[in-house]
1. Could you tell me how many of the residues in segment 285-322 are over 30 Å from residue 206 (Cβ atoms) and at pLDDT 60 or above?
2. Determine whether segment 224-238 contains at least one residue that is more than 20 Å from residue 146 (Cβ to Cβ) and in a helix (DSSP H, G or I).
3. Could you count how many residues in segment 375-393 are in a helix (DSSP H, G or I) and either surrounded by 19 or more Cβ atoms within 10 Å (Cβ to Cβ) or touching a helix residue (DSSP H, G or I) at 6+ places or on another chain (Cβ under 7 Å) (or both)?
4. When both residues are 6+ apart or on different chains and their Cβ atoms are under 6 Å apart, which pairs have a first residue that lies in segment 38-51 and is farther than 16 Å from residue 73 by Cα, and a second that is at pLDDT 95 or above and outside any strand (DSSP E or B)?
5. Regarding segment 483-500, can at least one residue be identified that is within 17 Å of residue 552 (Cα to Cα), modelled with pLDDT under 95, assigned to a loop (DSSP other than H, G, I, E, B) and under 33 Å from the mean Cα position of the chain (by Cα)?
6. Any residue that is under 33 Å from the mean Cα position of the chain (by Cα), on the phi < 0 side of the Ramachandran plot and buried (at least 22 other Cβ atoms within 10 Å of the Cβ) - is there at least one of those in segment 518-525?
7. All but one of (1) over 18 Å from residue 477 (Cβ atoms); (2) touching a helix residue (DSSP H, G or I) at 6+ places or on another chain (Cβ under 8 Å); (3) at pLDDT 95 or above hold for residue 414; which doesn't?
8. For segment 288-311, how many residues meet the condition of being surrounded by fewer than 16 Cβ atoms within 10 Å (Cβ to Cβ) and in a helix (DSSP H, G or I)?
């Protein structure tokens, strides 16, 4: 893998380094003096005892709308007090309440299985409140870290209390501190997303499976994932700000402080061990979950029989019930709706066919397209955390696993990841990814960049000489149409990336190299294939991608030439 330079020089066309050294510099937490980077959030304090008791009762009695309305009123009143005399902090509920509210955002009973509108409204109301708290007091002051901890309980139904004595520190002190803050009820405990999901990576793996398998479920998992990414990013940025403030307080030349960042929510998720060995390979496996056979086997449903929809009402008309209290006729009072003969549950929907087996010519479900930006946000945060916590070898492994998984994607999905505009990833990260993809797709005989641009290669840079002499003029290392189409897309991506930083200058030699590569890929892809290598349903689409990419490369060359002539 390309090494990294000691510093980032994005403004210099002579050096375009990889993500490894610039992620910290490009962070949202500035390195300016402490007084110029104040905390963007209000202070928080516990709910007054009486109000907390009211909320507790509402939540346990499943009067969720009443609880959320009360909490919103409390938060609004607390946030409106801006004078120093009255500014005691915004009251926030205990972590157990926040954990339940976050479960309601995605739980089937209040989303895809909701039978009443008021049940369905609870999901959006809970999300609105959580977003308000995130914006007002922030994830650290609100103690989202405690609220959003996963704890693994075997699905055989063991009580949570039985696990408390043997579980590790992932079970918070608040959760075990007493019965006064622990909520009763299945959704708050065994049915919680924090229990059913087992860990963050299993949960996002299932959520991404839903993006292609179960569109109705993806609608809500998408919202939950976006909120969680807002939380994880805000938590990391605030902790980075605190660490830098502490470091500056010790003097400009003091050692970097990582104390707060090491306690971040994302670091907790990365270090969590629940019988699975994650690390870079496990993170990437969850990140690329797509509903295929392997992903479906690795990441199972979070909630029991999750894909089921609401219960269907029978068309049979119920016999009119008489209310006659004197004769012990209570009509439909005390009747359990779920036991009524007029209600029946539909069968579990058939599992969709594995889209990977249908050939690459099929169009991806909208959910896959929608999920790309979330997947990239997760990878970007993983990169930042791994670098900032000074885990260089793990960072190299993370990029290697990412590009290896990216290279194996079906061509349409590969294109989605590579052609995101605007791209969430930092330009430096894109340099690293492009160079890794070149290494995976090109023949082993391609010229080593260190022989063309030794200084740039030592810095992990991508330069125009590297493109001209090493990357753009070759076909893929196989005769597969898909691999040659992928390589052409990577060439496009690399040229556009350097162009965006004014590092592309037209020359006849570069034009000849690009045109040579276009012809080489087309020629190699046309070689006769026999046996298992015969063309499949995806070849027609791959041929179109390859041809269209070659056309776009020609247009880029014309534009480069026009720019030079206009100078």
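1. 1
2. Checking segment 224-238: at least one residue is more than 20 Å from residue 146 (Cβ to Cβ) and in a helix (DSSP H, G or I).
3. The total comes to 13.
4. Once the first residue is farther than 16 Å from residue 73 by Cα and sits in segment 38-51, its partners that are at pLDDT 95 or above and outside any strand (DSSP E or B) give 41/137; 41/138; 41/141; 42/136; 42/137.
5. Checking segment 483-500: at least one residue is within 17 Å of residue 552 (Cα to Cα), modelled with pLDDT under 95, assigned to a loop (DSSP other than H, G, I, E, B) and under 33 Å from the mean Cα position of the chain (by Cα).
6. no
7. Here residue 414 meets the rest and fails (1).
8. Selection size over segment 288-311: 3.
The values are calculated or read from the model by the stated rules, or taken from the named source; none is laboratory data. Computed from a predicted model, the values in this text were never measured in an experiment. Don't worry about glycine lacking a Cβ; one is built from the backbone with ideal geometry, like all the others, and counts go over all protein chains shown.
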